[in-house]
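Undergrad: Handing you a structure now.
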Amino acid sequence: MSELVDLRSDTVTRPTPAMREAMMAAPLGDDVLGDDPTVRLLEERFAALLRKEAACFVPSGAMANQTSIRAHTEPGDEIIAHEESHIVQYEGGGPAALSGCLVRFLHGARGQFTAEDVLGAIRARNDHFPVTKLVVVENTQNRGGGAVWPLAVLERISAASREKGLRLHLDGARLWNAHIASGVAMSRYGALFDTVACCFSKGLGAPVGSAVAGDVPTIARVRRFRKQFGGGMRQSGLLAAAALYAMDHHVTRLAEDHANARRLGEGLSAIPGLALCEDQRTHGVETNLVFFDIAAGVAFDAAALCERLLAKGVYMLPTRARRVRAVTHLDVSRAGIERAIGVVREVVAAG
Ligand SMILES: Cc1ncc(COP(=O)(O)O)c(C=O)c1O
């Protein structure tokens, strides 16, 4: 059988030989004691990229979000976020479990909302109510089809939230993809938020790691909660070296992943019985995530389709009963995409 085409997630990439060499060559220390030079360098470079005062390297995207949420809030506070956001759907109830916070859900296509939505969700100051403290935005928005937020919408959300004294956190696990797709500088996004979290282990291809950037007092709190949540790491310069390599070599190439995702979307849409999810039918495939739906007339659901695809060497992920996600990344070539389209066509036709 030909090689597996693994489209489950952009987290499945393995470090390239050059990245492994960079890891092996990294000077190391003990980061919990504050003297790993490679982690320090990564934190400085990441903070500078977002034009923030400081940054903290953490083990995962979930920890980047949850330490940031904890840093901005106190138990009993309320967070405003989209109902489809990662912090709500996929982080094990983290805001409630780790920060004692409620989440007030906003709604809207592509996982996006407006400044007016935020203003409408802010509670009056009254001893009966939770205190509205934080707005969380996800860019690109995973369950919104990898959607890129229009800069003008973010600017209005940021201005309105600041005017009301709210803090702002950006879940930028895939901010690199938004930056490449939109041409908007990372620092331009950074200016609109108090903390920005980005992942090195998704489209950028590093094996482990995320970082949070912000001002000095907020990052000091993030660092404290990283330790409290068990995320302090020792010779983590090994991992920081991979992240540095990824920032230097794997950002501009994300355009290839986006082109592959568009081709995949186009190929899948041409298969009778399949259609891109509504958001992507309307707005196109914007970055590296493709979501497609299986029509009611097709005999099998998403889980059964994915099982049959896997038997033929193509790995995708069911995300709803009749919805499948496919993600392009560093380890999938154009030839792999063409093979995946062919296999899906064959399996759907046989079904
Ligand atoms: C938007 C978003 N935020 C955060 C995360 C969490 O990252 P991790 O899996 O490293 O905890 C993910 C993971 O896919 C994500 O898609």
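The values are calculated or read from the model by the stated rules, or taken from the named source; none is laboratory data. What you see is a predicted model, and the numbers here were worked out from it, not measured in a lab. Glycine also receives a Cβ, built like all others from the backbone with ideal geometry; neighbour counts cover every protein chain displayed. For accessibility, only protein heavy atoms count, side chains too; no ligands or nucleic acids. Shrake-Rupley method; radii C 1.70, N 1.55, O 1.52, S 1.80 Å.
Undergrad: Tilt of helix 237-249 relative to the longest C-alpha principal axis of the chain, in degrees (0 to 90, nearest 10)?
TA: 60 degrees
Undergrad: Estimate the FRET efficiency between V216 and A311 by the formula 1/(1 + (r/R0)^6), using the beta-carbon distance for r and 51 Å for R0, to the nearest 0.05.
TA: 0.45
Undergrad: Taking amide hydrogens as modeled 1.01 Å from N in the peptide plane, which residues meet the under 5 Å criterion relative to R8, leaving out close sequence neighbours?
TA: Under 5 Å from the amide H of R8: V327.
Undergrad: Any chance you could give the angle, 0 to 90 degrees and rounded to 10, that helix 37-49 forms with the longest Cα principal axis of the chain?
TA: Result, in degrees: 80.
Undergrad: Just to confirm the number: angle between the C-alpha axis of helix 61-72 and the first principal axis of the chain, 0 to 90 degrees, nearest 10?
TA: Orientation of helix 61-72: about 30 degrees from the principal axis.
Undergrad: With Cβ to Cβ distances under 12 Å as the rule, what net charge do the other residues near D293 carry (K, R +1; D, E -1)?
TA: Net charge around D293: +2.
Undergrad: For L317, list long-range residues whose amide hydrogen, built 1.01 Å from N in the peptide plane, is under 5 Å from its own amide hydrogen.
TA: R325
Undergrad: Count the lysine pairs in the chain that are 8 or more places apart or on different chains: how many have C-alpha atoms under 27 angstrom apart?
TA: 8
Undergrad: Mean residue ellipticity at 222 nm from the helices of the chain, using -39,500 (n - 2.57) per DSSP H segment of n ≥ 4 over the full residue count, to the nearest 500 deg cm²/dmol?
TA: -13000 deg cm²/dmol
Undergrad: Mind grabbing the accessible area of V103 for me, 1.4 Å probe, Å², rounded to tens?
TA: 40 Å²
Undergrad: Rounded, prolate or oblate: pick one for the chain, where a ≥ b ≥ c are the square roots of the eigenvalues of its C-alpha gyration tensor, a/c under 1.5 means rounded, and failing that, prolate if a/b is larger than b/c, else oblate.
TA: The shape class here is oblate.
Undergrad: Is segment 38-137 best put as rounded, prolate or oblate by its Cα gyration tensor, with a ≥ b ≥ c the root eigenvalues, rounded for a/c under 1.5, and otherwise prolate when a/b is larger than b/c, oblate when not?
TA: On the way: a/c = 1.87, a/b = 1.68, b/c = 1.12.
Because a/c hits 1.5 or more and a/b exceeds b/c, segment 38-137 counts as prolate.
Undergrad: Can you tell me the length gained on complete extension of the stretch R162 to D301, counting 0.36 nm per residue apart and subtracting the Cα distance?
TA: Additional length available on full extension: 45.6 nm.
Undergrad: Tell me, what % of the accessible area of the chain is carbon and sulfur with a 1.4 angstrom probe?
TA: Whole-percent figure for carbon plus sulfur exposure: 53.
Undergrad: Distance from the Cα centre of segment 155-218 to that of segment 27-102, in angstrom?
TA: 11 Å
Undergrad: Follow-up question, since we're still on this one. Among 235-242, 23-30, 147-154, how do they line up from the highest to the lowest mean number of other beta-carbon atoms within 10 Å?
TA: 235-242, 147-154, 23-30
Undergrad: Of all beta bridges DSSP finds with both residues in the chain, what is the antiparallel percent, to the nearest 5?
TA: 50 percent
Undergrad: Rounded, prolate or oblate, given the Cα gyration tensor of segment 244-331, with a/c below 1.5 counting as rounded?
TA: Prolate.
Undergrad: Quick one: Karplus J couplings for segment 219-231, per residue in order, coefficients 6.51, -1.76, 1.60, θ = phi - 60°, nearest Hz, x for Gly and Pro?
TA: Here the 3J(HN,Hα) series is 5, 4, 5, 4, 5, 4, 6, 4, 5, 4, 7, x, x Hz.
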